[in-house]
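Note sheet for the following structure.
The values are calculated or read from the model by the stated rules, or taken from the named source; none is laboratory data. For clarity, every value in this text was computed on a predicted model and none was experimentally measured. For neighbour counting, all protein chains shown are included, and Cβ atoms are generated from backbone atoms with ideal geometry for every residue, glycine included. These area figures cover heavy atoms from the full protein model, side chains too; ligands, DNA and RNA do not enter into them. Shrake-Rupley method; radii C 1.70, N 1.55, O 1.52, S 1.80 Å.
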Amino acid sequence: MHGWTGCVLRVDLSTGAIGREELNPDWARDFVGGRGIGARYLWQEVDPQVDALAPENKLIFATGPLTGTNASCGSRYMVVTKGPLTGCITTSNSGGHWGPELKFAGYDLLILEGRAERPVYLWIFDDVVELRPAEHLWGTGVFDSEDAIRRETGIPGTSVACIGPAGENLVRYAAILNDKFRAAGRSGVGAVMGSKNLKGIAVRGTGAVSVADPSALMAAQWAQKQVLSEAPLTSEGLPAYGTLALMNVINEHGALPTRNYREAQFEEAEAISGEELAQTRLAANKACFACTIACGRVSRISEEGRARYTLNTSPRNWKHATEGPEYENAWSLGADCGVADLDAILKANTICNDLGLDPISLGATIAAAMELYEGGVLSEEQTGMPLPFGSGDALVALSEATGYRRGFGDDLAEGSKRMGEKYGHPEVFMGVKGQEFPAYDPRALQGMGLGYATSNRGACHLRAYTVAAEVVGEPEPMDPRATEGKAQLAVDMQNISTAVDAAGLCVFLTFGNTLSDLTPLVAAATGIAYDDDALVRAGERIWNLERLWNLRAGIDPSEDKLPKRMLEDAIPAGPARGEVSRLAEMLPEYYAVRGWSPDGRPDAAKLAELGLG
Amino acid sequence: MNALQIHPEKCTGCKQCELACSWVQTGGFQPSRSLIRVHIFDEQASYAPYTCFQCDEAWCMQACPVNAIDVDEASGAKIVLDEVCVGCKLCVIACPFGTIFFDKPGGVAAKCDHCAGDPACAKVCPTAAIEWTQADPGAWIGPFGDRVDRDYRAAEEAD
Ligand code: SF4
Ligand code: SF4
Ligand code: SF4
């Protein structure tokens, strides 16, 4: 095979058995890779009703055919499993160097099953695959664990994906971190890894990714890269400000959720913006493997901030440097908690990296707790500290407490849905299917509401990034307040972003590239004559398979909904004042565009058409 | 004569240079076979691609017992003559910079040959951290090395 290595590595953690098998070529063709092929294997092998944290659940790391090639942004792997936050099929994506190393070692997929009796880590060095004891690392943060594992392997170029204490402690939104700062962040994939007693996976590959037509790939990549180097967002916006470029933009549109979605503009957005970071704290840009955009931020905490917060980044001589924050994180830890202190955000974000937490769900859960505290539902005795909106110190203290499930952190570790229910106020949960919203108010941007409600992994901005049309005007400007055409937009974006995920590419390249720039890459790498339609079709197929999996898991279509606050409480001020989400106008149309039944189920004809029958 | 001028402050660590080099060397994508390697200086929040400096007084060439390393007339690069090389690795030991590699099939040494005057790494680098230009190829390493060294010491003292 070309593009794909053709080999699946399977490790049974219960027995220690390590096996290699051939990648199913039909599945590879139809589901492409990454998110798609991972879903296909999960569909085949895991009962959707299984407890996410039981040994019967499997943890799949899946690369795509472009992972490890020179395709711009071809750095990606997808973690596919059943998630403990949502109960849905969970697909969490990460860049850095780990995915390419797995390909160079000779594997498209890594399937982990069972549960190790004692903590272990997996070491993959080309053909050498072994489980090693990790008891000495249990309880250790991501930064020190990575350094220790790399020291133990002794092989330069080793990339490590691991969990921190949050994953070990089964925090429902624990992440898997690789290369210290890149994260398969959402939905609790780290808790699944922790439930398997698997601390980390170190991988180094010295082999090649063979491609069907190298010259065609070189030419297609050159063209792809040219587009990225000319499009304003990928050539200027992202390199200059990272994704944090969005902070001021979204705030100006009155779509920046503030203080647990009670408002939609943050009066101090400027203080936590990409512009502010670039002027005062940015040390360097950092790219993932093969990325020609380099949105990653290496940043330093300010002089003044150092008096309050010490970073435990490692190696210790980083001189107060860390990475991030990303827009979503600066929003959740910042605006959503009313925190305008960029140093507190950097500190909390670094704790998330080290303890292995998803900053979006963490920040949003703390914001929900702040609302309960201000409403008099939670007392200082219960939270262990004053918890008003805007408190950077509480944010930092609770980030740490959550990773270790200490004190009130034990409640926060359950996510805002369960935490709100426990204290009798389920209405403070701002999310869908148990997963917290990211950083765009669905009342101000109607398309985002539909995207959140229908995402197969619970609320997510990456599946249908209608912001592109509603705010940026790409590929065509659309009125953010209108519901017309949003169903078609959401479906198109979901299918395309799914195909991008499956190929092993980073979705951020869609800020510059269109699908037509990417199709020739996939075709040249695999030698299969994909055209744009075939890739969109693959995206649709994967989307439908994920939907089927969720239905079998017992996630009813009635869960395609938004919290009451989004549907009934109008935005109080700003450009989108008076708006609520009009989801009910869009959802039936969405089901129709998907070709599903009016109650949101793919029917037999649709499944047959997609080859899923 | 043109040389590879490195600007470490511009490098983002993307490894497109390694991918391009390995493609020239092997026809595939295999960074482990690249003759230019990106080094990560975490403590500097910096990266630097690193390859043969094409020394005036090339120790690799002087060490070779069978004269398998020669100067390419067109590009001025020191190149390994595969058919002459006997695989003794003396050049690998002699090079003070660790930029001769010994992982090419056939048991011969491999080093940067400037792609016969049109280096692929410089062409693909998205940030112009590698420039193919009239320059002293070793000029950047001194100041960069001094900075790394100084910061390491300062950090050690602070710890
Ligand atoms: S291989 Fe080493 S010794 Fe030979 S020219 Fe290059 S840097 Fe100098
Ligand atoms: S390995 Fe080859 S090029 Fe190097 S010194 Fe020996 S014979 Fe010369
Ligand atoms: S291609 Fe350029 S930016 Fe990328 S790693 Fe190489 S030198 Fe650095």
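Couple of notes before you dig in:
- Considering (1) in contact (Cβ under 8 Å) with a residue 60 or more places away in the chain; (2) farther than 30 Å from A:VAL249 by Cα; (3) more than 23 Å from the chain's Cα centre (by Cα); (4) part of a helix (DSSP H, G or I), the lone condition that A:ILE528 does not fulfil carries the number (4).
- Among the residues making up the range A:179-206, those that are small (Gly, Ala, Ser), in contact (Cβ under 8 Å) with a residue 40 or more places away in the chain and more than 9 Å from every other protein chain (Cβ to nearest Cβ) are A:ALA183, A:ALA184, A:GLY185, A:SER187, A:GLY188, A:GLY190, A:ALA191, A:SER195, A:GLY200, A:ALA202.
- Some residue of the range A:264-273 being more than 14 Å from chain B (Cβ to nearest Cβ), surrounded by fewer than 23 Cβ atoms within 10 Å (Cβ to Cβ) and of a type in the set (A, V, I, L, M, F, W, C): yes
- Subset of the range A:79-115 that is away from chain B (no Cβ under 14 Å) and small (Gly, Ala, Ser) - its residue that is nearest to A:THR498 (Cα to Cα): A:SER92
- Sole exception among (1) in a loop (DSSP other than H, G, I, E, B); (2) surrounded by fewer than 24 Cβ atoms within 10 Å (Cβ to Cβ); (3) in contact (Cβ under 8 Å) with a residue 40 or more places away in the chain for A:THR140, by number: (3)
- Selection within the range A:147-179: residues that are open to solvent by 40 Å² or more (accessible area, probe 1.4 Å) and of a type in the set (Gly, Ala, Ser). The member of this set that is farthest from the chain's Cα centre (by Cα) is A:GLY154.
- B:TYR152 meets each of the listed conditions (1) touching an Asp or Glu at 6+ places or on another chain (Cβ under 9 Å); (2) surrounded by 14 or more Cβ atoms within 10 Å (Cβ to Cβ); (3) more than 14 Å from chain A (Cβ to nearest Cβ); (4) part of a helix (DSSP H, G or I) apart from (3).
- Here A:ALA401, A:ALA335, A:ALA397, A:ALA344 are screened, and the one residue that is open to solvent by 30 Å² or more (accessible area, probe 1.4 Å) and of a type in the set (A, V, I, L, M) is A:ALA397.
- Applying the criterion of being modelled with pLDDT under 90 and at the interface with chain A (Cβ under 7 Å from one of its Cβ atoms) to the residues of the range B:29-43, the residue that is least open to solvent (accessible area, probe 1.4 Å) is B:GLU43.
- Residue match in the range A:207-219 (condition: buried (at least 24 other Cβ atoms within 10 Å of the Cβ), without any contact (Cβ under 8 Å) to a residue 24 or more places away in the chain, on the phi < 0 side of the Ramachandran plot and out of contact with any His (no Cβ under 8 Å at 6 or more places or on another chain)): no
- In the range A:321-364, the residues that are hydrophobic (A, V, I, L, M, F, W, C) and farther than 19 Å from A:VAL298 by Cβ: A:TRP331, A:ALA335, A:CYS337, A:VAL339, A:ALA340, A:LEU355, A:LEU357, A:ILE360, A:LEU362, A:ALA364
- Residue in the range A:221-229 that is within 12 Å of chain B (Cβ to nearest Cβ), hydroxyl-bearing (Ser, Thr, Tyr) and surrounded by fewer than 18 Cβ atoms within 10 Å (Cβ to Cβ) present: yes
- Condition met for B:ALA139 (part of a helix (DSSP H, G or I) and touching a residue at least 40 places away in the same chain (Cβ under 8 Å)): no
- Pick from the range B:86-131, criterion within 12 Å of chain A (Cβ to nearest Cβ) and open to solvent by 30 Å² or more (accessible area, probe 1.4 Å), ranking: nearest to ligand 3 (Cβ to nearest atom): B:THR127
- Complete set of residues in the range B:1-18 that are touching a helix residue (DSSP H, G or I) at 6+ places or on another chain (Cβ under 7 Å), assigned to a helix (DSSP H, G or I) and within 8 Å of ligand 3 (Cβ to nearest atom): B:GLN16, B:CYS17, B:GLU18
- Residue in the range A:68-81 that is under 18 Å from the mean Cα position of the chain (by Cα), among the basic types (Lys, Arg) and open to solvent by 10 Å² or more (accessible area, probe 1.4 Å) present: yes
- Test: residue in the range A:281-299 that is surrounded by fewer than 24 Cβ atoms within 10 Å (Cβ to Cβ) and away from chain B (no Cβ under 14 Å): no
- Matching residues, the range B:1-28, being more than 7 Å from chain A (Cβ to nearest Cβ), open to solvent by 20 Å² or more (accessible area, probe 1.4 Å) and closer than 19 Å to A:SER215 by Cα: B:VAL24, B:GLN25
- Of all residues in the range B:44-57 being more than 20 Å from A:GLU146 (Cβ to Cβ) and of a type in the set (S, T, N, Q), the one that is farthest from the other protein chains (Cβ to nearest Cβ): B:GLN54
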